[in-house]
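Colleague: Below is the structure I would like to discuss, written out as structure tokens.
The values are calculated or read from the model by the stated rules, or taken from the named source; none is laboratory data. Here the structure is a predicted model, which is why all the values come from computation and not from measurement. Backbone-built Cβ (ideal geometry, glycine too); neighbour counts: all protein chains shown. The area values use the complete protein model at the heavy-atom level, side chains included, leaving out ligands, DNA and RNA. Shrake-Rupley method; radii C 1.70, N 1.55, O 1.52, S 1.80 Å.
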Amino acid sequence: MNQNRYEEIIPTRGLGRRRVWPAWGILMAAIILTTLVTLYMKTDVDIQAKTEFLFACNEIRVKIDDRLQAHEQILLSGAAFFDASDKITREQWRIFTPRLDVESNLPGIQGIGFALLIPPDRLAMHLQDIRNEGFPDYNVRPEGDRDAYSSIIYLEPFLERNLRAFGYDMLSEPVRLAAMERARDKNAAALSGKVVLGACCVTLYLFSELRYT
């Protein structure tokens, strides 16, 4: 009797094992399929994210290009203003710059200025001319002997932080000097490298060319 029972149990256990293997196979197939789908979806999400990132970068690049082109137009308009006149006075510059309406069209520009190129042998005369305009303490900064001088003589709005730039010689600073010389040599707007705004707080320089008095 026990032998028969043993014989009955053995086939039952073998049958159980045979039924488990298909279940394991289905589970493994499901895991592999899930992994493949996950990888596919991740790849698709990564591609979409990269596409959106490149699109956003392109939009930023276009906005920067547009902004720089608008700055260039301001430079060119200022140069044209000087080219069309024998001499531009401080009062004429004060009237000209508000018409550009940079506060509305290009917010963030702190000031629009004009720098004069001054030969060393005319520095004393230049200082006297500006002081006679009502600026008795005017001087070209920094002081010292140089082969050539420049000075920001017109700057609008002519108040608050911009007053610190009045008389500043940008030829004395290598980064600004390089940009000004490129603008002069190419007769085109030039973008300077990174500068630290200290005594001279000007965000836009109006020099498409350097000119002597």
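A quick yes/no check of all residues on (1) open to solvent by 30 Å² or more (accessible area, probe 1.4 Å); (2) over 30 Å from residue 63 (Cα atoms):
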position	(1), (2)
115	no, no
125	yes, yes
142	yes, yes
152	no, no
156	yes, no
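Colleague: A further question follows. Inside the range 100-112, can you point out the residues that are in contact with a helix residue (DSSP H, G or I) (Cβ under 8 Å, 6 or more places away or on another chain), within 18 Å of residue 155 (Cα to Cα) and not in a loop (DSSP other than H, G, I, E, B)?
Modeller: Step one: list which residues in the range 100-112 are in contact with a helix residue (DSSP H, G or I) (Cβ under 8 Å, 6 or more places away or on another chain), which gives 100, 102, 105-106, 109-112.
Applying the additional criterion that residues be within 18 Å of residue 155 (Cα to Cα) yields 100, 102, 106, 109-112.
Once the filter is applied, which keeps residues that are in contact with a helix residue (DSSP H, G or I) (Cβ under 8 Å, 6 or more places away or on another chain), within 18 Å of residue 155 (Cα to Cα) and not in a loop (DSSP other than H, G, I, E, B), the range 100-112 yields 100, 102, 112.
Colleague: Let me ask you something else. Please identify the pairs in which a residue from the range 77-96 that is under 13 Å from residue 116 (Cα atoms) and modelled with pLDDT under 85 has its Cβ atom under 8 Å from the Cβ atom of a residue that is among the small types (Gly, Ala, Ser) and surrounded by 17 or more Cβ atoms within 10 Å (Cβ to Cβ), counting only partners at least 6 apart or on another chain.
Modeller: 79/208
Colleague: Going by the conditions given, is residue 103 of a type outside the set (Ser, Thr, Tyr), under 27 Å from the mean Cα position of the chain (by Cα) and exposed (fewer than 13 other Cβ atoms within 10 Å of the Cβ)? Full working, then the answer.
Modeller: Values: of a type outside the set (Ser, Thr, Tyr): yes; under 27 Å from the mean Cα position of the chain (by Cα): yes; exposed (fewer than 13 other Cβ atoms within 10 Å of the Cβ): yes.
Considered against the rule, which asks whether it is of a type outside the set (Ser, Thr, Tyr), under 27 Å from the mean Cα position of the chain (by Cα) and exposed (fewer than 13 other Cβ atoms within 10 Å of the Cβ), residue 103 comes out as yes.
Colleague: Tell me whether the range 84-97 contains one or more residues that are in a strand (DSSP E or B) and among the aromatic types (Phe, Trp, Tyr).
Modeller: Here is the first cut: in the range 84-97, the residues in a strand (DSSP E or B) are none.
No: zero hits.
Colleague: Given the conditions (1) open to solvent by 30 Å² or more (accessible area, probe 1.4 Å); (2) farther than 16 Å from residue 169 by Cα; (3) touching a residue at least 12 places away in the same chain (Cβ under 8 Å), which single one is not true for residue 109?
Modeller: In the conditions (1) open to solvent by 30 Å² or more (accessible area, probe 1.4 Å); (2) farther than 16 Å from residue 169 by Cα; (3) touching a residue at least 12 places away in the same chain (Cβ under 8 Å), residue 109 misses (1) alone.
Colleague: Further question: Name the single residue, out of those in the range 158-197 being over 21 Å from residue 123 (Cα atoms) and open to solvent by less than 20 Å² (accessible area, probe 1.4 Å), that is modelled with the lowest pLDDT.
Modeller: Filtering the range 158-197 for residues over 21 Å from residue 123 (Cα atoms) gives 158-162, 175, 178-179, 182-183, 185-197.
Checking which are open to solvent by less than 20 Å² (accessible area, probe 1.4 Å) leaves us with 162, 179, 183.
Working: 162: 86, 179: 85, 183: 82.
By that ranking, first place goes to 183.
Colleague: Residues that are at pLDDT 85 or above, over 19 Å from the mean Cα position of the chain (by Cα), part of a loop (DSSP other than H, G, I, E, B) and small (Gly, Ala, Ser): does the range 198-212 have at least one? Full working, then the answer.
Modeller: Taking the range 198-212 and keeping what is at pLDDT 85 or above, we get none.
No, every residue in the range 198-212 fails to be at pLDDT 85 or above, over 19 Å from the mean Cα position of the chain (by Cα), part of a loop (DSSP other than H, G, I, E, B) and small (Gly, Ala, Ser).
Colleague: Sticking with this structure for a sec: Filtering the range 46-99 down to residues that are under 17 Å from residue 156 (Cβ atoms) and of a type in the set (Ser, Thr, Tyr), which residue is least open to solvent (accessible area, probe 1.4 Å)?
Modeller: 97
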